1. Measure nothing fancy, just the Cα-based angle from helix 355-368's long axis to the longest principal axis of the chain, in degrees from 0 to 90, nearest 10.
2. With no solvent and one equal point scatterer placed on each C-alpha of segment 55-203, evaluate the Debye formula and give log10 I(q)/I(0) for q = 0.20, 0.21 Å⁻¹, two decimals.
3. For each of 13, 188, count neighbouring Cβ atoms within 10 Å of the residue's Cβ, then give the residues from fewest to most.
4. Show me, bin by bin at 10 Å from 0, the whole-percent P(r) of segment 112-151 based on Cα pairs.
5. With angles folded into 0 to 90 degrees, how steeply does helix 260-273 sit against the dominant principal axis of the chain? Use alpha carbons for both and round to 10.
6. Taking just the alpha carbons, could you work out the radius of gyration and Dmax for the chain, both in angstroms?
7. Using only Cα atoms, what is the ratio of the radius of gyration of segment 74-126 to 2.2 N^0.38 Å?
8. What are the principal axis extents of the Cα atoms in segment 124-235, in Å, biggest first?
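Just so it is clear, none of the values below were taken in a lab; they were calculated from the coordinates. Just so it is clear, the model here is predicted, and its values are computed rather than measured. Quick reminder, even Gly has a Cβ in these numbers, built from the backbone with ideal geometry, and neighbours come from all protein chains shown.
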Ligand code: B12
């Protein structure tokens, strides 16, 4: 059967969708033909309904599979509206958003079914049933909309065993176009699930959903899984053998270092079979000098840590994230000692967060001095504990939320105007605030610039070309060799100069 996926990646950095990559591998193994429409302007494929129609008609899929995250819902809804004018096959959607709010996705025009949770077995069974004209209404993990408007809500099967899966089909993505946009870094994952219960992430609700809907009893232990070392290695070697320009591997798991045994075994094989520099995500709480040494010996030169906030109150009360500032400082200290780079991920614009608490986040970053710093604006995802908190306090501006494609720059919370302006200034100019602590020429220049922007009203701020000024002062500092942070490529990213980062 022909099965075509649609990946909505509009207005946000393109990347391999691991969900589609594994579904494609499973379906191809069964002999199906798999196609993909990857919507992303940077890849030269914007949201153009006529183009999509031509591609779909040309591929003639029996199943159209939409992979969806919350920020892309508006595009999927528009696409689904006119779809039935020309497409009569089966339409199903899956991904993090359909899993969090399946009832809402079932209401989208043209949708026949929603996949709740993991989709490998469900989609394989659906394709098989449709191909052989068999009954499919009882397939686990699938919810169906009936012609009379009623729904069938099947229970979920237990979490997918990763050992049974083939290597992902990353080649279904146009890697020739994606890789240059990622500085020739190949993104991959070695695990699924996360044991932490942070209120802003889907993990907590994801597990709860399974606990409520699964046919068997499932626990956190079942949710957090590692791939087979051999499969994780092969998913990399297969791609690098056909894309020789790849120069770095990025492990984008929530927490790459979670399982010590896996880490050791994987790193041993990685050195021998891949031997390329790599970067990974890690939670400061799971970090230790021992793990850092394993990483370093295997070629890891950069670890990305979720710092999130410098306010202990925000972390405990709002984010339910038990990672103290001390744990953060320890993790960064370990890397500094071993000569490894660090990246720090942060959020501002959190519910109940005060100006002082925003500054605590900047101060913590100034203390730990990461090589790159990302500061994003908080975005409440549906069905997460923090979303419920925001809703209870009537904090969400739903129209604004719908407008946002990603959560880099603008808040969709109903803060007073003056606080919104403050957040925009800090999110844009956070590198200048970091420079204040460097106690060098950049601190003096940035102190006076910060005074200037802090006094600006909304109109003045909107007219102010921050990026031109930042580029100019950064050039000057670079010429003189003055250490400083400047913005790089992405509006939410600042890089420390001098930097080994983009060599
Ligand atoms: C890796 C990752 C990325 C990668 C890949 C993105 C992608 N589209 O998959 C990159 C780095 C590019 C990325 C970017 C972003 N991400 Co991201 N990312 C993740 C992460 C850490 C893991 C996802 C993953 O690969 N899991 C493993 C695969 C195998 O699972 P899966 O994707 O869920 O797929 C399974 C099922 O969902 C289902 N399925 C999926 N699609 C389909 C389709 C059909 C037809 C069917 C039947 C089934 C099905 O079957 C799959 C196999 O079992 C999650 C966190 C998490 N815990 O899930 C966040 C997450 C998905 N990201 C999120 C967000 C918001 C973003 C960004 C908007 C961030 C930004 N500021 O720009 C961008 C958007 C990019 C885009 N438009 O796709 C949110 C989504 C929230 C939500 N409720 O929708 C998450 C959940 C993080 C969070 N905050 O909790 N991300």
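1. Roughly 80 degrees between the two axes.
2. Debye intensities relative to I(0), on a log10 scale: -1.48, -1.54.
3. 13, 188
4. Once binned at 10 Å, the Cα pair distances of segment 112-151 give 31, 55, 14.
5. Here the helix axis deviates by roughly 90 degrees.
6. Taking only Cα atoms of the chain, I get Rg and Dmax of 23.4, 73 Å.
7. Segment 74-126 yields a ratio of 1.12.
8. Extents along the principal axes: 50, 37, 27 Å.
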